[in-house]
Amino acid sequence: MYYKLKSLDLSGVIIQSIIWLIFTSTSPFIFYKLIPYHPYKLLVFAGILAAFFLFLKRKKIRIYDQSILAILSVQIFACFIFFSYQQFHLGADFKYINLALQFITNLILYLFITSFFNMKKLVQCNIYVISTMALLGALVFFLLLTGFWKSFGSFKGPSWETQNFLFTTAGAVWKVEDIFIIRVGGFFDEPGTFAFYIIFALITNQLLGFSRFCEKVLIFSGILTFSVTFFISIFFYFTIIYFKFKNLINIFLFLLFFIFFNNYIQNNKNNSRILNVISIMTFDRMSVSEDSDKIIDGDTRIEPTKIAFSAFLKAPLMGHGLSVAERPNSEFYNQFLGANIFTPLAYHGLIGAFCFYLLYFFWTIQCYKVYLRNFNKVVFAAWFIISINLIQRPDAFIGSYGYFVFIFLITSTKNLNKKINEIVN
């Protein structure tokens, strides 16, 4: 019996290693930039090859949800349709071929996970992974403040120079005398991306009712990303899930502290470089902007939103393609259309946006099924918070991990729905 259990544990470790090898080899993780000569394509291929080997060895395929399989099939087909369409529009857009390969990888990986592992356990594993990453980021943040840590070099991220602090990375770094102040970025391309996936881990943790400790770690450490969207998300998270009238006095005291702290920072930031950096990272980013093109100073989305909306109006059904800003024959050449609600519509039009965001719509249906039984504030908070995050970061389906976090949402919501059904019945 002992050897049997030991064998099963080893099998689980091997399977999870293959899964996380594929997850971490490409975007949204940044290891392929952080590690010199990272063989990310070879590693993904090796992971898929290992999955095929296990399929052949065990001769077993089990499908957790046929709807997800159907969605992936539609999306693969849509990639080739849009590739063919763009050939007659702005020319061949090979990014759709890359996207099709990504969806094919996700399909194989999905079958592998559901056949040889447990999706709910993988969701829980993801919560632990992101919590650990967040905790390490917080540790580095405070070690840097005390001067007991340093940068271990830098590398060129997707858009800017990023510092490697060994246990975390940071694309936003301020050196104040002998110490560093950073926006913690985990092992993602920038702090906002890390905050985005912390929110996913936090939401799935809440839907599963999994770990109060992880919840505290994710919230506290997430604050150190200094993401405006994260602050907004946490505000709604507490307001919807935990708000009680007896807590009004605590909210009032918090607001008083917030106002007092803001006044202290603003009155003293010119006399202290540390306070000035804290102001730049927090209050200045959330203050109302005097710029007519911004709502708050930390807002970088208004201008791309205008451009993307203009692009959408000119090609409302099929869009301009993923390479619209890279084509010299495009009127939107060298313009940034990303990171706003109209980005998918500008790229793919109404038809493409519906196809490529089917997983989100399917999850919305699962949330609605819970509402039909009984209004559930956790599910409402989950759907609302993820939706507002998608407004400012709609290119969420990047890489296998970026796609699977939505499958994690579906798994967690279905698990909660099952519990509610058991109680009702």
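The values are calculated or read from the model by the stated rules, or taken from the named source; none is laboratory data. Worth saying up front: this structure is predicted, and the values here are computed from it rather than measured. Ideal geometry is used to build each Cβ from the backbone, glycine not excepted, and the neighbour counts take in all protein chains shown.
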Out of the residues in the stretch 356-401 that are without any contact (Cβ under 8 Å) to a residue 24 or more places away in the chain and polar (S, T, N, Q), which is farthest from Phe238 (Cα to Cα)? Thr364
Listed residues Phe254, Phe245, Phe309, Phe261; which is more than 20 Å from Gly192 (Cα to Cα) and modelled with pLDDT of 75 or more? Phe309
Is at least one residue of the stretch 131-141 in contact with a Cys (Cβ under 8 Å, 6 or more places away or on another chain) and not basic (Lys, Arg)? yes
Pairs returned, first residue in the stretch 147-176 that is in contact (Cβ under 8 Å) with a residue 40 or more places away in the chain, second residue that is surrounded by fewer than 12 Cβ atoms within 10 Å (Cβ to Cβ) and in a strand (DSSP E or B), beta-carbon separation under 9 angstrom, 6 or more apart or interchain, are Phe155/Glu161; Thr162/Lys156
Result of the Cβ filter at 8 Å on the stretch 104-115, keeping first residues that are surrounded by fewer than 19 Cβ atoms within 10 Å (Cβ to Cβ) and partners that are hydroxyl-bearing (Ser, Thr, Tyr) and assigned to a helix (DSSP H, G or I), at least 6 apart or interchain, is Leu107/Ser73
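Rundown of residues vs (1) β-branched (Val, Ile, Thr); (2) in contact with a Gly (Cβ under 6 Å, 6 or more places away or on another chain); (3) under 21 Å from His320 (Cα atoms); (4) not in a helix (DSSP H, G or I), yes/no style:
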site: Asn334; (1), (2), (3), (4): no, no, yes, yes
site: Pro344; (1), (2), (3), (4): no, no, yes, no
site: Phe354; (1), (2), (3), (4): no, no, yes, no
site: Thr364; (1), (2), (3), (4): yes, no, no, no
site: Ile385; (1), (2), (3), (4): yes, no, no, no
Just to verify a result, which residue in the stretch 26-82, among those that are of a type in the set (S, T, N, Q) and touching a helix residue (DSSP H, G or I) at 6+ places or on another chain (Cβ under 9 Å), is farthest from Cys355 (Cα to Cα)? Thr26
Expected single match for out of contact with any Phe, Trp or Tyr (no Cβ under 7 Å at 6 or more places or on another chain) and either at pLDDT 95 or above or not charged (D, E, K, R) (or both) among Leu166, Leu145 is Leu145
Provide a single number: the residues in the stretch 230-246 that are surrounded by 20 or more Cβ atoms within 10 Å (Cβ to Cβ) and farther than 23 Å from Lys120 by Cβ. 3
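Per-residue answers, yes or no, for (1) modelled with pLDDT of 90 or more; (2) among the aliphatic types (A, V, I, L, M); (3) farther than 23 Å from Tyr360 by Cβ:
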| site | (1), (2), (3) |
| --- | --- |
| Phe77 | yes, no, no |
| Ile81 | yes, yes, no |
| Ser84 | yes, no, yes |
| Phe103 | yes, no, no |
| Ile108 | yes, yes, no |
Taking the stated definitions as given, is Leu135 modelled with pLDDT of 95 or more, more than 24 Å from Leu43 (Cβ to Cβ) and surrounded by fewer than 24 Cβ atoms within 10 Å (Cβ to Cβ)? yes
Residue under question is Asn164, and the condition is that it be farther than 25 Å from Gln124 by Cβ and among the polar types (S, T, N, Q); does it hold? yes
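Results for (1) among the aliphatic types (A, V, I, L, M); (2) under 24 Å from Arg273 (Cα atoms); (3) under 21 Å from the mean Cα position of the chain (by Cα); (4) buried (at least 22 other Cβ atoms within 10 Å of the Cβ), shown as yes or no for each residue.
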site	(1), (2), (3), (4)
Thr193	no, no, yes, yes
Phe200	no, no, yes, yes
Thr204	no, no, yes, yes
Leu218	yes, no, yes, yes
Leu224	yes, yes, yes, yes
Val228	yes, yes, yes, no
Would a scan of the stretch 43-63 turn up a residue that is under 20 Å from Ile410 (Cα atoms), part of a helix (DSSP H, G or I) and touching a residue at least 24 places away in the same chain (Cβ under 8 Å)? no
